[in-house]
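The values are calculated or read from the model by the stated rules, or taken from the named source; none is laboratory data. All values derive from a computational prediction rather than experimental measurement. Cβ sites come from the backbone with ideal geometry, for glycine too, and all protein chains shown count toward neighbours. Each accessible area value is taken on the protein alone, full model and side chains, heavy atoms only, with ligands, DNA and RNA left out. Shrake-Rupley method; radii C 1.70, N 1.55, O 1.52, S 1.80 Å.
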Amino acid sequence: MTEKEELEEEVRRLSITDDLTGLYNHRHFFKTLESELTRMKRQKTSLSLLMLDVDNFKRYNDTHGHVEGDRVLKKIGEIIKHSIRHNVDSGYRYGGDEFASLLIGASLEQALTIAERIRLTIEEAGFEDITVSVGLAEFQDGFDLERFVKSADDAMYVAKHSGGNRVYTNVL
């Protein structure tokens, strides 16, 4: 690879990656989701989506400071990366203290196992009062991209408002 090609590759990588967590960024999430939906329909397979929101993050950040808050977000990014299948699934920092993961070919049951593993690992990470609320959706007939994301987001909202530190699925 020439120096110019290496530089172009680095710029491309930086444009799709969240600086803090090393996960993909919000913009790349939607680009990937579009292509995975096309592939899922063509191959007649399944696709599941996890949406995660960090419980008590604002209070933690206010109490411990932004440097410590960033450490929590970075650790959650690492947990997500290590909990999903390498080179199959993908993890994203959706924004602020929200994360997402696309689980390629994963059934609802498989996705639930992965979601629970992420939730439990974060709970056991040792951060004071830091847990996650996870919403899970499996792509259904009649969904489009927006409805799919909204389904997982709605499930996350229910998990959060049911006390947090839980996985909720919006099974239709």
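Details
Yes or no, residue by residue, for (1) at pLDDT below 95; (2) open to solvent by 10 Å² or more (accessible area, probe 1.4 Å):
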site: L136; (1), (2): no, no
site: Q140; (1), (2): yes, yes
site: V149; (1), (2): no, yes
site: V158; (1), (2): no, yes
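- Residue satisfying condition, being farther than 24 Å from G164 by Cα and in contact with an Asp or Glu (Cβ under 9 Å, 6 or more places away or on another chain), within set G77, G69, G22: G22
- Some residue of region 133-141 being farther than 21 Å from G164 by Cα and free of Cβ contacts under 8 Å to residues at least 12 places away in the same chain: yes
- Within region 97-134, the set of residues being open to solvent by less than 60 Å² (accessible area, probe 1.4 Å) and over 18 Å from V54 (Cβ atoms) comprises L102, L103, I104, G105, A106, S107, L108, A111.
- Test: residue in region 94-106 that is over 11 Å from the mean Cα position of the chain (by Cα) and among the hydrophobic types (A, V, I, L, M, F, W, C): yes
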